[in-house]
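Scroll down for the structure; my scribbles are underneath it.
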Amino acid sequence: MISAQRISNIPSPALAQEYHLTQAQFHALGHCFATAMKFDPSLLVMRNSVLSTVITRGPAGGRAVLQADYSPLLKQPVSLAIVPEKATIKNMGLIRGAGDVRMSLETNGFCRISGDHTQMALKTGPFPGEAYSALPDISWIGTALTGYDPKDLKKFIGNKSDAVQLAVYGDQLEQIGIHARGRYTFTVGMAERLANRNPDTVLKSQIAFRYFGTKQSIQLGTANGRYFLQVTNSFDIGVDLVVIECLGAVVTG
């Protein structure tokens, strides 16, 4: 599992003006950006080949940091801040050929991308400072949830990823609830044991459950009197996609 503190403390890089990626490396980068678009980011930030992008949901909504460490896949450290335009991110898949892909950062606010036969441009934004995606020192509590089928959880949540209720008993996250759908219990047989109990704490997640990998784990944490949720999904080869969300209003039982 990727350490939130290790990633968030990566220093600001010296921005290169040009990157040369193999076709496989470039399309892995494109897959990273395309998946990040599921979270509706206002800026796609990659710092030394580590995606570290802040996700917000409205002025009074939730806040999360989206992370994915691509340094094992990208030989040349890549640092970019891309304006997330859906059509242009999708069109990264059109760059094909046998030779390397050249990505040139230009002074006109664009990143020019050239393959053997196809060229395109991504709009760039100002590269943020280190505080942009900084996280507090989170203490993880309870046991990480693993071993369940993410497909089942995805089906249960459906299009209600902005209204997920997290039922916590003691320090352990046990269930996820959706209004009018009941609760999904992570441990087989636990639903009956909890049937006559009210959760000690109910938290609200608005962001973390917008993507489901083939494997997933969930961990609850606390920092500065707030609750945080870390959802880790299997992603590209050797890469985890991690969402760390500062959770919404707390209802105590």
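A few remarks follow.
Residue-by-condition table, conditions (1) free of Cβ contacts under 8 Å to residues at least 12 places away in the same chain; (2) among the aliphatic types (A, V, I, L, M):
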site: 51; (1), (2): no, yes
site: 57; (1), (2): no, no
site: 64; (1), (2): no, yes
site: 69; (1), (2): no, no
site: 79; (1), (2): no, no
site: 87; (1), (2): yes, yes
site: 94; (1), (2): no, yes
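- Number of positions in the range 197-215 that are in contact with a Ser or Thr (Cβ under 7 Å, 6 or more places away or on another chain) and either within 29 Å of residue 33 (Cα to Cα) or touching a residue at least 60 places away in the same chain (Cβ under 8 Å) (or both): 6
- Top-ranked residue in the range 147-181 [being without any contact (Cβ under 8 Å) to a residue 40 or more places away in the chain and of a type in the set (A, V, I, L, M, F, W, C); ranked as farthest from residue 220 (Cα to Cα)]: 180
- Filtered by the rule that a residue be within 19 Å of the chain's Cα centre (by Cα), part of a strand (DSSP E or B) and β-branched (Val, Ile, Thr), the range 177-221 gives a lone residue, 218.
- A count restricted to the range 72-88 and to residues that are part of a loop (DSSP other than H, G, I, E, B) and among the β-branched types (Val, Ile, Thr) stands at 2.
- Test: residue in the range 217-227 that is aromatic (Phe, Trp, Tyr) and open to solvent by less than 40 Å² (accessible area, probe 1.4 Å): no
- Positions within the range 170-193 being open to solvent by less than 50 Å² (accessible area, probe 1.4 Å) and over 20 Å from residue 208 (Cα atoms), in sequence order: 170, 189, 190, 191
- Test: residue 185 is closer than 21 Å to residue 219 by Cβ and of a type in the set (Val, Ile, Thr): yes
- Verdict on residue 212 being modelled with pLDDT of 95 or more, within 21 Å of residue 54 (Cα to Cα) and open to solvent by 10 Å² or more (accessible area, probe 1.4 Å): yes
- All positions within the range 106-140 that are open to solvent by 70 Å² or more (accessible area, probe 1.4 Å) and either modelled with pLDDT of 95 or more or not in a loop (DSSP other than H, G, I, E, B) (or both): 110, 112, 119, 123, 130, 131, 137, 140
The values are calculated or read from the model by the stated rules, or taken from the named source; none is laboratory data. All figures in this text were calculated on a predicted structure; none of them were measured in a lab. As a convention, Cβ positions derive from the backbone with ideal geometry for all residues, glycine included, and neighbour counts pool all protein chains shown. The accessibility values were calculated without ligands, DNA or RNA, using every heavy atom of the protein model including side chains. Shrake-Rupley method; radii C 1.70, N 1.55, O 1.52, S 1.80 Å.
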